[in-house]
Structures are given as C-alpha cells and as structure tokens.
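The values are calculated or read from the model by the stated rules, or taken from the named source; none is laboratory data. Here the structure is a predicted model, which is why all the values come from computation and not from measurement. Only protein heavy atoms, including side chains, enter the accessible area calculation; ligands, DNA and RNA are left aside. Shrake-Rupley method; radii C 1.70, N 1.55, O 1.52, S 1.80 Å.
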Amino acid sequence: VTLLVYLTQLIPGLAVQELLAFNSLFVAPAWNAAPFQPWRLFTVLLVHSGFFHVGLNMLAVWMIGRSLEPLLGRWRFLALYLLGGLGGSVGVALIAPGIWVVGASGAVFGLLGALLVIGRHIGANIRGIVLILGLNLVIGFVPGFQVAWQAHVGGLVVGALVGLIYARTRSVRQQALQVWLLAAVTVGLFALLLLPPLIYG
C-alpha cells in the first residue's frame, strides 16, 4: 500500500503528499491555524520524500517483520505498526509543533522498540538490534540529515510499550487484558495531543 501511494506521488498534478503529510496544526483545533484533519496522524506513514526514503523504510519493515510478524501474528503486528506510527506523529506534535513530516519512520522505530523489548523477554541476543537502533537515533541528530528524530523517539517509546504489553500478556486468558491495554495506549496518545496548545500557547 505504501509503495502504491508513493507511485501516486509521482503523478503530476496530484497533491498526494500535501494531502497526507503530517503537521500538528491539523490536529490542534485550539490554534485555529488549519482545518481539523486527524487522519494525517496515520496517513503520514504512506507518503515519502523520495525513492530511497520509501525504499529504506519498506526494507526495514520487511526485515523486522520477518522476525516479528510470525511471532505476534498479523493483526498484532499491524496494531504495533499503526501505534508506532501514531506515537511518531504524537512525538512530532509534542516536541516540534508546526513542522511538516513525511514517512513511516515512526512506525519502523515502533517495530524496533517492540523487537528490543520482546527479544529481551524471550532471551534472544539483542545486541544487533541495540546497535542498529543506536546508529539510527544518532543519525537523526547529525547536522545535514533532514530526519524527524522526534518521530523516531515517539515511535520507539510507544513500540517498546506495546512490546512490553505483548510480552506480559501472552497467554490466551490474557487476550482481553491485552486489547484493553492497547486501547488505553491509543487513548493516551490522543490525549497527549491536547498538550501542545497548552504548552506552546
């Protein structure tokens, strides 16, 4: 789906990126700076700044997904991906309100965060994950790289939290609790979007 949306970005005259990219102004009605368009919290995952941007993100999703999706199942993996992406958008809204961002990096870091926590719980060797995670986080702070590190941090934190929920609610009898905890994380993330207008005025 992401690759298909990227291809539509290449069609002249279609303002796909402008319609789907994220800016916190579209989710903070208190500022009255832009129309309320909450879907941008998720549609930002579908639009990218170029071929290498979308290619690297989708390669990361495929590589991490080969380990995580069989372990979690399709729907839990999808929930993790979307919540990581939402965490990335919320991270941008909280730390850098008003900036435009595109890409699935928040979701990718969500997958990495969950993989780190779940790997730790099952006794896997997580040194490689830590190294990759550290390098990618550092790149976000290197001058000259146009990277939304705020989305990386937000996605990482939420992904780690979701990974912890998955790790601690693995039994069948805990499925209802797992769903409720994931719902609570979702509600909590939306609630955090009320803070930027209060913090920044």
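Structure notes:
- The chain: angle of helix 74-95 to the longest principal axis, Cα-based, in degrees nearest 10: 50 degrees
- For the chain, with all protein chains in place and a probe radius of 1.4 Å, 71% of the accessible heavy-atom surface sits on carbon or sulfur.
- For the chain, relative contact order (Cα pairs under 8 Å, six or more residues apart, normalised by length) works out to 23 percent.
- Amide H contacts of Phe22 (H built 1.01 Å from N, under 5 Å, at least 5 apart or other chain): Val101
- Angle in degrees between helix 127-139 and the longest Cα principal axis of the chain, rounded to the nearest 10: 10 degrees
- Computed over the chain, the ratio Rg/Rh where both radii use C-alpha atoms and Rh is Kirkwood: 0.97
- For the chain, accessible area per residue (1.4 Å probe, heavy atoms of protein chains only), Å²: 55 Å²
- Taking Cα atoms only, the orientation of helix 51-72 departs from the longest principal axis of the chain by about 30 degrees.
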